[in-house]
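Visitor: My questions all concern the structure below.
The values are calculated or read from the model by the stated rules, or taken from the named source; none is laboratory data. None of the values given here were measured: they were computed from a predicted structure. Cβ: placed from backbone, ideal geometry, glycine included. Neighbour counts: every protein chain shown. With ligands, DNA and RNA removed, areas are computed over all heavy atoms of the protein, side chains included. Shrake-Rupley method; radii C 1.70, N 1.55, O 1.52, S 1.80 Å.
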Amino acid sequence: MKKMPTLQIIEGPVGAGKTTFAIKLGRELGTQPLVFDNWMVNLFQADRPETDLWVWYAERKARCIFQIMEGACGALDHGNDAIVELGLIKSEDRQKLYAALDEERRAYLVHVLDTAREERQRRFAKRNIQQGETFAMHVSEDIFVLTSDMWEPVSDAEREGRERNFRLKI
């Protein structure tokens, strides 16, 4: 009996190793990870304004996530696993995603990566300099601090009723 195609969701704060993990998992599963930062950079970086950045960003983030999920669900519908890294730093946004997947009866597994803030800061600074395989864009110190402060760790309440869907890598 063939297993149900599974959506592999990777979440965590900036510098936690999400893209590195997504690439590794993609190689194991034989599927290309759909990484939010890559989509944002490729589609919108050239049009990034100097002012009102958060209004501009929020609207484009929603469009990117919609399109990534369209592609991921298409892969699932064709019998393939899919990997997404969506940058959902707010619990409410993640729970909306889980509810939609539950409603559609889709199999999913959430990989939550996190590590100490100091280590994440070291990693992002190194990535900015080396610009290796996981580099999508330069992340300023201000953005690192802002997004780190905005990260809402996955809580017991978020996992409640979905415990089997979570793999915590903390």
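Visitor: Given H placed on each backbone N at 1.01 Å, which residues far from F166 in sequence or on other chains put an amide H within less than 5 Å of it?
Guide: For F166, whose amide H was placed from the backbone, the distant partners under 5 Å are V110.
Visitor: Place the peptides 52-64, 81-93, 4-16, 102-114 in order of packing, highest mean first, counting for every residue the other Cβ atoms within 10 Å and averaging per peptide.
Guide: Highest to lowest by the protection proxy: 4-16, 81-93, 102-114, 52-64.
Visitor: What are the lysines whose alpha-carbon lies under 19 Å from the alpha-carbon of K18, with same-chain residues fewer than 8 places away excluded?
Guide: K61, K90, K126, K169
Visitor: Additional query: What ratio of Cα Rg to 2.2 N^0.38 Å holds for the chain?
Guide: Here the answer is 1.02, to two decimals.
Visitor: For the chain, what is the accessible area per residue in Å² when the probe is 1.4 Å?
Guide: 58 Å²
Visitor: Quick check on the chain: helices-only [θ] at 222 nm, where DSSP H runs of length 4 and up contribute -39,500 (n - 2.57) each and the sum goes over total residues. Nearest 500, please.
Guide: Result for the chain: -16000 deg cm²/dmol, rounded to the nearest 500.
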